[in-house]
Amino acid sequence: PDPSDNIQNTPKLLSDHLKATEGKIVTRFPPEPNGYLHIGHAKAMHLNFGYAKKNGGKCYLRFDDTNPEKENQEYIDSIIDSVKWLGHEPCEITYSSTHFDTLYEMANELIRRGYAYVCHQTAAEISEGREKMTESPYRNRTVEENLKLFDDMRLGKFEEGKAILRMKGDMKHPNPCMRDLIAYRIKYHHHPMSGDKWCIYPSYDYTHCLVDSIENITHSLCTLEFEIRRLTYNWLIDVLGLYRPVVWEYARLNLTHTVLSKRKIITLVQNKLVNGWDDPRLSTLNAFRRKGYTPEAINLLCDTIGVTRTNGTTISYELLELCCRQDLDGKATRAMAVFDPIKVVITNYPEDKSEEINAPNIPSKPEKGTHKIEFSRIVYIERSDFRMEDSKDFFGLAPGKEILLKYSYNIKCEKVIQDADGKVTELHVTYDKDNTSKKLKTIHWVSSAAGTEPMKAEVRLYEHLFKDSEIGDDWLNNINPNSLRVIPNAFVDKTVLASKEYDRYQFERVGYFVVDKDSTPEKLVFNRTVSLKENKEK
Ligand code: ATP
Ligand code: MG
Ligand code: MG
C-alpha cells in the first residue's frame, strides 16, 4: 500500500514530475477551512506528511479556501493547531486564494483556447442538462463574447447565480464530471484572505488540480470519492498544457459509533447535542485531545490500519482504544480514585496517626520513580468492591474476608453497618501491619491525613455518542442518551494535587483519565480517556 505502486505504469510521468521538483516527492494536505479537523483527516495527514517524510520530500498544508461563506479564520487557526499537535511539519502553509490572480489568468486562457464559456442557466437547468446530456444554449458563444462576459462577472455586473463560467468538456461523456463542470461562480462575499477583492470564486474542480500543478505536487493523494473526478483533473491540466501531478486515491477512514463529516459535526454542535467542537464525545482532533488521547495513539491507529483502496470498511472504535491504551500505559502516572465510596474504618489503627505510602509512578518503569499517598484510619473503597456474599471470582471485600489495599495493608472485614434500607454505609475492619497473609486479592482505595477528608474531583465518563456501531441515515435519532455520565464528587488521592490541563493519570483498576480545561484551583475535573480493558489484578 504505497502511492508509488499506482504510478508504476507511468514512469515517464513520474520522471517528468521529479524533474520539476528536483527529484523530490511533494505532497499536500488540502483541508477546506469550513470546520474543525476530525480523525479522518489524521489519516489523510499521516499519508501525505508521512509519505513525503519517508521519501525525503516535502508536504504543504494548503487551505482549499474557495467557499468564503463557509470558511473563517477560527477554522484556519484550529486546523494549523491540529496539524502541529499531530506532529506534522508543513514545508509551507499555503492558500488556494493566494493563487486567485493566477487562476483568473488561467480561466481567461481556458476561454481563449475554447474550453470555457459563460452560462446563464439556473442550477436546476444545469443539472437537468447534465442528466439528459443536452447542451446549454450559451455553449457556443465566441471567445470574445466569453472574455467580455467573464470580465463582467468579475466586475460585479451580474447578480449571484445569473452567470457562471463552465468548463467545456463533453456533454455526451459517460462520466458526468466531464459534462461542463462549473469553473467560477459569483459570490458577493468577504473572503478571510482576499477580503473584498473578488466577487467571483473558483470551484473545487477548477482549483484543486491547478493549484496542485502550480505547487508542483508530485503525488496528489485524495479519498476514493474523488476517483470519478480524476478525468476532469487531468483534462483541465492537459488542455491548459500544464505540469500534471499523479492522482492516487485511498479509502476514507470510517470509525464505528461516530460521524466523520464536518457537516454532520457542525449539525451536532449547532443543535447543542454536544458542548462545542471539543466535546470529548466528538471525533474532532480537538475532542480527542481534550479526552486525553495522545498524537502518538492516533498516529498508531493510522499506522495500524495502513492505506487501502477498499472502500466502505469501518474501523472499530475498539481498535482506536487499544492504540490509546498501548500508548498511555507507559506514560500515565498511576493514582487512585474512588467514584462511589464506602467509608471503611480501621478500628485497630490509631485515630491521630497518618503515614505516607510509596506507590510507583509507572509499575513497569521503576526509573519513573514513585509518589507518596496518604494512609490513615479512615479509608474509602469503591462500593462495587464490597459484597455481602463472597464468591470465587470476586476480587473485593466481604464479611469476614481479608484483602490487600493496594500498596499498603491487608484488611479484614469485621462488621458491616447498614441503614434502614439495607444500604451499606460503613465497614469496620482490622488491619495487619505485617501483611502476614500473602497473595490476597487487591483493591484500590483513597485515604487522607488523619482528621481530613480526601480531595474531591469531578469525573466525566464518556460512552459512544451513537448507539449503533454503523450510523445510519437516521443518525440524529441514534444518539446515545448515556454518552456522558458525571460523577460530581469522586475521591482522589493527593497524587493529582496541583495538576494542570492535559495531565494524564491511570486511576488504578479503572482507566486512563486526563485533566479537563474546566478544572478550577478548588476542584479538578477529569475526563475518562479510555477504560482499562479488564479489571485484572496482578
Ligand atoms: P468532510 O466531509 O468531513 O468535510 P472533506 O473531505 O470535505 O471532509 P477536506 O477539508 O476537504 O474535508 O479534507 C482534506 C483532506 O482530508 C482531503 O484530501 C480529504 O480527502 C481528506 N479526508 C477527509 N475526510 C477523510 C477521512 N474520513 N479519511 C481519510 N481522509 C479524509
Ligand atoms: Mg473537501
Ligand atoms: Mg467537506
*Could you please give the count of residues in segment 46-62 that are within 16 Å of ligand 2 (Cβ to nearest atom) and without any contact (Cβ under 8 Å) to a residue 60 or more places away in the chain?*
1
*Please tell me if LEU273 is more than 16 Å from the chain's Cα centre (by Cα) and in the same structural domain as ARG166 (by TED's automatic domain parsing).*
no
*TYR188 passes all but one of (1) surrounded by fewer than 18 Cβ atoms within 10 Å (Cβ to Cβ); (2) in a loop (DSSP other than H, G, I, E, B); (3) hydroxyl-bearing (Ser, Thr, Tyr); (4) within 16 Å of ligand 1 (Cβ to nearest atom); which number fails?*
(4)
*Might you check whether a residue that is touching a Lys or Arg at 6+ places or on another chain (Cβ under 8 Å), part of a loop (DSSP other than H, G, I, E, B) and either within 24 Å of PHE513 (Cα to Cα) or assigned by TED's automatic domain parsing to the domain that holds TYR75 (or both) occurs anywhere in segment 289-301?*
yes
*The one condition in (1) among the hydrophobic types (A, V, I, L, M, F, W, C); (2) away from ligand 1 (no atom under 15 Å from the Cβ); (3) part of a loop (DSSP other than H, G, I, E, B); (4) over 28 Å from CYS91 (Cα atoms) that VAL259 fails to fulfil*: (2)
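Is at least one residue of segment 171-183 among the basic types (Lys, Arg), surrounded by 21 or more Cβ atoms within 10 Å (Cβ to Cβ), more than 30 Å from ILE315 (Cβ to Cβ) and in contact (Cβ under 8 Å) with a residue 12 or more places away in the chain? Working first, answer last.
Initial filter on segment 171-183 (among the basic types (Lys, Arg)): 172, 179.
Filter again for surrounded by 21 or more Cβ atoms within 10 Å (Cβ to Cβ), leaving 179.
Applying the additional criterion that residues be more than 30 Å from ILE315 (Cβ to Cβ) yields 179.
Keeping just the survivors that are in contact (Cβ under 8 Å) with a residue 12 or more places away in the chain gives 179.
Scanning segment 171-183 turns up at least one residue that is among the basic types (Lys, Arg), surrounded by 21 or more Cβ atoms within 10 Å (Cβ to Cβ), more than 30 Å from ILE315 (Cβ to Cβ) and in contact (Cβ under 8 Å) with a residue 12 or more places away in the chain.
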*Go through segment 372-421 and give me each residue that's in contact with a Cys (Cβ under 8 Å, 6 or more places away or on another chain) and on the phi > 0 side of the Ramachandran plot.*
GLY400
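Just to be sure before I move on: is ILE200 crowded, with 18+ Cβ neighbours inside 10 Å and more than 16 Å from ligand 1 (Cβ to nearest atom) in the structure I sent? Give the steps one after another, and end with the answer.
On the way: crowded, with 18+ Cβ neighbours inside 10 Å: yes; more than 16 Å from ligand 1 (Cβ to nearest atom): yes.
Against the criterion (crowded, with 18+ Cβ neighbours inside 10 Å and more than 16 Å from ligand 1 (Cβ to nearest atom)), ILE200 qualifies.
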*When you go through (1) crowded, with 19+ Cβ neighbours inside 10 Å; (2) part of a helix (DSSP H, G or I) one by one for ARG334, which number turns out not to apply?*
(2)
*asked:* Tell me whether segment 437-449 contains one or more residues that are over 20 Å from THR495 (Cβ atoms) and hydrophobic (A, V, I, L, M, F, W, C).
replied: yes
*For segment 184-201, enumerate the residues that are in contact (Cβ under 8 Å) with a residue 40 or more places away in the chain and farther than 29 Å from GLY57 by Cα.*
TYR184, LYS187, HIS189, HIS190, HIS191, PRO192, SER194, LYS197, TRP198, CYS199, ILE200, TYR201
*Pull up segment 137-154, narrow it to residues that are part of a loop (DSSP other than H, G, I, E, B) and free of Cβ contacts under 8 Å to residues at least 24 places away in the same chain, then point me to the one that is farthest from ALA123 (Cα to Cα).*
THR142
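The values are calculated or read from the model by the stated rules, or taken from the named source; none is laboratory data. This is a predicted model, so every value here is computed, not measured. Using ideal geometry, Cβ is built from the backbone for each residue, glycine included, and neighbour counts are taken over all protein chains shown.
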